[in-house]
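Data first, discussion second: the structure below is written as structure tokens.
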Amino acid sequence: MKVELKCISCGAVFPPSMVIYTCLKCGSLLDVVLKLDELQGIVSWNVFRARRFNVWRYRELLPVFDDSKIVSLDEGGTPLVKCDRLAKWAGVRSLYIKFEGANPTGSFKDRGMTVGVTKALEYGARAVACASTGNTAASMAAYAARAGLKAIIILPWGKVALGKLAQAVMHGAEVVGIEGNFDQALAIVRSLSEKHGIYLLNSVNPWRLEGQKTVAYEIIDQLGEIPDFIALPMGNCGNISALWKGLRELLELSLIDHTPRLIGVQATGASPVVDMFKSGSNIFKPVENPETVATAIRIGNPVNWPKAIRALRESNGLAEKVTDEEIIEAQQMIACLEGLGVEPASAASVAGLKKLVEEGALDADSVVVCICTGHLLKDPEQAVRVSRQPLKVKAELDEVERALSYIVSTAQAALLPSS
Ligand code: F0G
């Protein structure tokens, strides 16, 4: 497969053998460009569907050169769940959740890491590193363990959900917490990686996005039609960049005849991309002290903002910001109406959708897919904090009955014989 790295700003081109993350000429972001004309007529939905449903179903579109080095945990192939009750709540005709919590480490990051860690092996790296709000750390730690690589992780101390931290340490990563936020951690790890020749696996690494783009392929593959909208949360903005790249590739390969519109959602305390997009400005203003209950997207200076703005503009997309209260309410609705457990950042996509419908920015007759990026169990402390607390009583039947008096009488009415 012919592949090159191309600067999104100045157009400079570099060979895939170079270990670079940004343009050597102007410092801007790089795209991995695949020569898709060679694949015309070779790939088709039928070819893909004859294979196992995971990220590697779309092998021809994944720029890995040495199959023997592929590091996989059978990632991808996640459920696309039709959510009729939630659709009613959000105010749209048809709503699906792409449940990325079903990935091996519980988030969409695994799609990127299977390719990113494979690249690390292809380049001959001995160690990999990332800054993280938690999920990238958990995923990188797992894939590095499987590949036999050392993993170095820089985190914002005290701001990473417990489940994610548990994964990172259990998989044997070296974890350093800084007294600062994600944006500072990312700046540090970029210098660390450059100085010490450690392979960087944040989403500034364009190879990682090649794995993440498979979520676009899967949504179309599963739905069998093109949704009107795909909504997702934005943090460092790698995922929306990857999603849009995947959709553009499907279009180029004539596997779809038009693209869905994208909806990017951020939390009100960390919304630089939404603010820039809505204002129509070309000037990006980072948020100094980002804050939100959705710690996964507590990011004020997302590295991929130019790709995110490009995705939103090219797809004729929408952007919205949501409060912590709106995020938590959406999280509870997804959990209670549909039985799907997602972490707060993931619920932002649904909260944003509901808000856009209320504002009249989105036609209620639409078919919408919301990508729910991470599992509820990632942040168990937050889930317990916002939910009804369990009751503690003596170990006696009448005590338990008293505690459950309301619910027990309702259940009786439903199941006991009426005589
Ligand atoms: N949802 C979840 C659950 C996430 O963990 C992240 C990012 C996002 C959404 C946003 O994705 O950054 O590609 O725009 N988490 C990163 C991390 C930053 O370190 O785990 P994005």
Original post:
Using alpha-carbon positions, what is the distance between the centroids of segment 110-134 and segment 358-413, in Å?
Top reply: 37
**OP:** Subtract the Cα-Cα distance of Glu4 and Val386 from 0.36 nm times their separation in residues, and report this length gain in nm to one decimal.
**Re:** 132.8 nm
**OP:** May I ask which of Lys109/Lys321; Lys82/Lys109; Lys82/Lys285 have a Cα-Cα span longer than 27 Å here?
**Re:** Lys82/Lys285
Subject >> Net charge of Cβ neighbours under 9 Å - reference Met113; Lys, Arg +1; Asp, Glu -1 >> reply: +1
Original post:
Which distance in nm do the two modelled labels at Val400 and Leu416 give, with both placed 7 Å along the Cα-to-Cβ direction?
Top reply: 1.7
Subject >> Long pairs among Lys25/Lys150; Lys69/Lys150; Lys35/Lys98; Lys278/Lys354; Lys88/Lys245, criterion Cα-Cα beyond 26 Å >> reply: Lys25/Lys150; Lys35/Lys98; Lys88/Lys245
Subject >> Proportion of all alpha-carbon pairs of segment 371-419 beyond 15 Å (%) >> reply: 67
Original post:
Nearest 20 debye, what's the magnitude of the dipole of the chain about its Cα centre given +1 on Lys and Arg Cβ and -1 on Asp and Glu Cβ?
Top reply: 820
Original post:
Per Stokes-Einstein, at 10 °C and 1.306 mPa s, what whole-number D in µm² s⁻¹ belongs to the chain, with the Kirkwood radius over Cα pairs as the hydrodynamic radius?
Top reply: 72
Original post:
For the Cα atoms of the chain, what angle does the longest principal axis make with the long axis of helix 109-123, in degrees from 0 to 90, nearest 10?
Top reply: 30
Subject >> Positive-end residue of Asn46, Leu29, Leu397, charge dipole of the chain with Cβ unit charges >> reply: Leu29
**OP:** Return the single residue from Lys150, Lys159, Lys35 with maximal mean-square fluctuation; model: Gaussian network over the chain, springs between Cα atoms under 10 Å.
**Re:** Lys35
**OP:** Give me the number: length gained by fully extending Asp363 to Lys278, i.e. 0.36 nm times residue separation minus the C-alpha to C-alpha distance, one decimal in nm.
**Re:** 28.8 nm
Subject >> Pairwise Cα inverse-distance average, inverted: Kirkwood Rh of segment 219-262 (Å) >> reply: 11.0
Subject >> For segment 177-322, size of Cβ-based charge dipole, Lys and Arg +1, Asp and Glu -1, in debye >> reply: 380
Original post:
Of Thr268, Thr105, which has the most accessible area with a 1.4 Å probe, and how do the rest follow in descending order?
Top reply: Thr268, Thr105
Original post:
Can you give me the relative contact order of segment 316-419 as a percent, contacts being Cα pairs under 8 Å and 6 or more apart?
Top reply: 21
**OP:** Using only the Cα atoms of segment 232-360, build the gyration tensor, take square roots of its eigenvalues as a ≥ b ≥ c, and label the shape rounded, prolate or oblate: rounded if a/c is under 1.5, else prolate if a/b is larger than b/c, else oblate.
**Re:** oblate
Original post:
To two decimal places, what compactness ratio does segment 54-96 give when its Cα radius of gyration is scaled by 2.2 N^0.38 Å?
Top reply: 1.85
Original post:
Between the helical axis of 135-147 and the dominant principal axis of the chain, each derived from Cα atoms, what acute angle in degrees is found, rounded to the nearest 10?
Top reply: 60
Subject >> Percent of Cα pairs exceeding the 21 Å cut-off, where the set is segment 126-223 >> reply: 33
**OP:** Could you state the angle between the C-alpha long axis of helix 182-196 and the longest principal axis of the C-alpha atoms of the chain, as a value from 0 to 90 degrees rounded to the nearest 10?
**Re:** 30
Subject >> Projected-area average for segment 186-306 over all orientations - Cα convex hull basis, square nanometres >> reply: 8.9
Subject >> segment 1-91, Rg to Rh (Cα coordinates; Rh as Kirkwood inverse mean 1/r) >> reply: 1.11
Subject >> Extension reserve of the Glu288-Glu225 stretch, reckoned as 0.36 nm per residue once the Cα distance is removed >> reply: 18.6 nm
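The values are calculated or read from the model by the stated rules, or taken from the named source; none is laboratory data. All values reported here derive from a predicted model rather than from experimental measurement. Glycine also receives a Cβ, built like all others from the backbone with ideal geometry; neighbour counts cover every protein chain displayed. Heads up: the accessible areas ignore ligands, DNA and RNA and are worked out on the full protein's heavy atoms, side chains in. Shrake-Rupley method; radii C 1.70, N 1.55, O 1.52, S 1.80 Å.
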